[in-house]
1. Does LEU39 meet the test of being in a strand (DSSP E or B), surrounded by fewer than 23 Cβ atoms within 10 Å (Cβ to Cβ) and touching a residue at least 60 places away in the same chain (Cβ under 8 Å)?
2. Which of (1) open to solvent by 50 Å² or more (accessible area, probe 1.4 Å); (2) in contact with a helix residue (DSSP H, G or I) (Cβ under 6 Å, 6 or more places away or on another chain) does GLY100 not meet, given it meets every other one?
3. Scan the stretch 140-157 residue by residue and report those that are within 18 Å of VAL63 (Cα to Cα) and open to solvent by 40 Å² or more (accessible area, probe 1.4 Å).
4. Output the residue which, of all residues in the stretch 153-181 that are under 18 Å from ALA718 (Cα atoms) and assigned to a helix (DSSP H, G or I), is nearest to the chain's Cα centre (by Cα).
5. In the stretch 396-421, what residues are among the aliphatic types (A, V, I, L, M), out of contact with any Cys (no Cβ under 7 Å at 6 or more places or on another chain) and in a helix (DSSP H, G or I)?
6. Mind checking which pairs have a first residue in the stretch 341-354 that is over 17 Å from PRO36 (Cβ atoms) and a second that is open to solvent by 70 Å² or more (accessible area, probe 1.4 Å) and at pLDDT below 85, Cβ under 7 Å, 6 or more apart or different chains?
7. Taking only pairs six or more apart or across chains, which ones have beta-carbon atoms under 6 Å, a first residue in the stretch 604-621 that is of a type in the set (A, V, I, L, M), and a second residue that is at pLDDT 95 or above?
8. Without any contact (Cβ under 8 Å) to a residue 40 or more places away in the chain, among the hydroxyl-bearing types (Ser, Thr, Tyr) and more than 20 Å from GLN203 (Cβ to Cβ): does that describe TYR325?
Amino acid sequence: MAEASFKDVPELFEVDLGESLVARTESLSTFRELGPPDLVQVLKTSGRSGQRDLGSYHYVSGVDASSSASLAAYINSLTYNIEDDSGWFTKGASWKVKSGCYCCFNAFSRVDVRVDVKIPGGVQAYVVDLRGERHEATLEVWQETFLSALLRAILYSDDPTYWLEAYRKLDPITTPEGEIRFVQAAEALFMKGWQVGSDPEIQVATIVSNHLTAAIMKYFGDSGRFQHAANLFEKISAREPEVSSLLAKSYLGMNEEVKAVQIMGGAVQQTPQSYTLLHVQCEFLRSKGKHEWALKLARQAVNCAPSEFVTWEKLTECYIDLGQYENALLTLNSCPMFTYNGRDAHRNLSPARVHLPPKGTIVEILPERVKTEDDEADPALLRLPAPGLRGTWARAYALLTRLVSQIGWDELLKTRSYVFVMEEEYRMQKQTEQPPSAAASKVFHEDGSVVSPRRGVSLQGQAAAAADDDASTRGMASPSESDRHGDAKADGDGDGESETLVAGANGIPTIRISTESAREAASAAKPLNGDAAKEEEEEEAEEAETETEPKENGEVADEVTKNGIKDPALEKPVQAAENPEGEGGASPSQEPFSFSNKRLCERWLDNLFMVLYEDLRVWTIFRAEVAHFKTQHVAYRKTGLEWEILGDLGMRLHHKEEAKEAYQRCLDTPRYAYKPWSKLLDMYAEEGDIQRSLQAAVRVAAYQWGDYAEMTYPTQIARCFFKLGQIHGHAKIQWSLLSMGLPDPVAKIMESYLVYGRTFKVEGYDF
């Protein structure tokens, strides 16, 4: 039934007529914040008796939702989009749109605004509440619906984590008049902004931290037109002083630093407890190199909002800037973590048929969208838990990777053992407090380490695969040197290769195989978290009956990869309290420990260390293999998906050049992959490389149009174009596009980004 389909609009055909509307009504109560994209459901009829009507639906954002007439106009435009199957001599049965329903969620009043269109016939607009009851749509409801639709179009425009099948994205604002309407609606509803929710890293939405302010800053910030945002915040700050933080941020974006400092100085006297204002001041001081002053402001922000993750995050960043890594780790351990709530989405239905028409000439430059060998990857790469982190977990992990990139893995472990109570320290402390019979019942290995029962590792459902059975037994080779207390020696016999490699040097790590005894000794080198401390009392009785520790998958360390490179057994440094036997065979020290200056490590942070360890282990193996193949003058081959995963891994661990190389190698494979082009576009734009940026932008635009993202701004391409335009001017970008000799349809799409710059007078449009 291709003749019943739209030519350029994706569709999902219903099994039962109207099932998409029923499912949306049932899901209304589950929408927590902005709500899902708009739903458009249409009924088509052939006009022949005996031929049943067909129902189809698709999702859309960017449609003007200011009135029932504008929504009805969109449905009416679909009537001209049906495939025509007219033959040479006879005209086939033509399908027509019989009726349509446009659903747009109002995030302020938590209702669904719907417009029913009968063709031919009339238009009926009504409101459906969370209970499914109908109400009349008022002018206030239409204004809230208009702004809600704009917020979704702006914030969902290039969100890589939000994907829907048959989701069409259109330009939300195409004229300066439309932008003025957006600003007016934002001003009218600004005080209600907290009702639409906030980013997952913000626990409590406020009038300053919410999706409305985030959309305003993104819309005007991506094009560098902060003056429009400043004008808006100037009006609002007159009656709400806390908005001065957004006003100061806008002036800083305009490079009006003196004006911004004056605003911050006056606002801090009116609202001294505003953590957002303190954060703006803190970022300004960090940009000027005044890290000591920034630290004081970050501390004050924590005092003002101790339950917010972002305040502790900012304080951790300030400690890292100053090189106070122990305080940074303690502060990170104190961060409040929140359950991640993703974007609102529709309930998935099984469609009778999916219609995804091609989007013109531009998609012809893309590879075939079929699964090949390059879409396969090694299970060890697919099981990496870090890509699954979201929200506060991902932000905390980013701080941890920044720490390890600056001080190295070995030094990070030493810092961890210095500030946190380690499990073995706690056990040895318990030995001194127990009767001799109980202490003697413990099982010791030959190297002096105590048997410890294994515990599972989980991350609140965010990283269930944080580590396999060997994760706690493989570490990075440690230099054989004393720790801060001078009590212990490193267990590995490496020369610190792992720390050098993590720091980004070109040295080739020594690949060694760990022994079973060393692996068992390392299993106890983990920090003691709060939950573990409570369980220790119950486990002491069980340990007395323990005879041997279960064997771990030691043989994994001896496996040889397909490239002939052995898995580097990355040994974890033995912590201070373990005190293994020295060369003379001395017994472990019986001197009691004092934990007055140490804290318990949170379980989630302990799990993030295991996630980081898995990333570093895979990265070390990868770089060792690359170095080995280079010395052998042999080509190093990976599948396209493996290169993409390794590129993401390099970006997480702050190895930007290696990540760029991995993404470029991924492009050499005939794989349908959007992410490598997207990442390279950001890198090239940051470097100011016009030619490579344009080449990447054409591919990114092709992928976006292939997924029905028919929008110009705000998108990643527009943001990168405007960043280049501030340096080189739009004229140079335009002439560079002409020199590429693109086909007319492709050139028209790329030109649309510069047309937007001229229409809205983005910096660089006139030179």
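1. Yes.
2. (1)
3. Hit for the stretch 140-157 is GLN143, nothing else.
4. Here the answer is LEU155.
5. If the condition is that a residue be among the aliphatic types (A, V, I, L, M), out of contact with any Cys (no Cβ under 7 Å at 6 or more places or on another chain) and in a helix (DSSP H, G or I), then ALA398, LEU399, LEU400, LEU403, VAL404, ILE407, LEU412, LEU413, VAL419 are the ones that fit.
6. Taking only residues 6 or more apart or on different chains, not a single pair turns up.
7. LEU605/ASN333; LEU608/TYR397; LEU608/LEU400; VAL611/PRO385; VAL611/ALA386; LEU612/LEU400; LEU616/TRP409
8. Criteria not met by TYR325.
The values are calculated or read from the model by the stated rules, or taken from the named source; none is laboratory data. These numbers were taken from a predicted model, which means no experiment stands behind them. Cβ coordinates were reconstructed from backbone atoms using ideal geometry, including for glycine residues, and neighbour counts include every protein chain displayed. The protein model used for the area step is the full one, side chains on, heavy atoms only, and it has no ligands, DNA or RNA in it. Shrake-Rupley method; radii C 1.70, N 1.55, O 1.52, S 1.80 Å.
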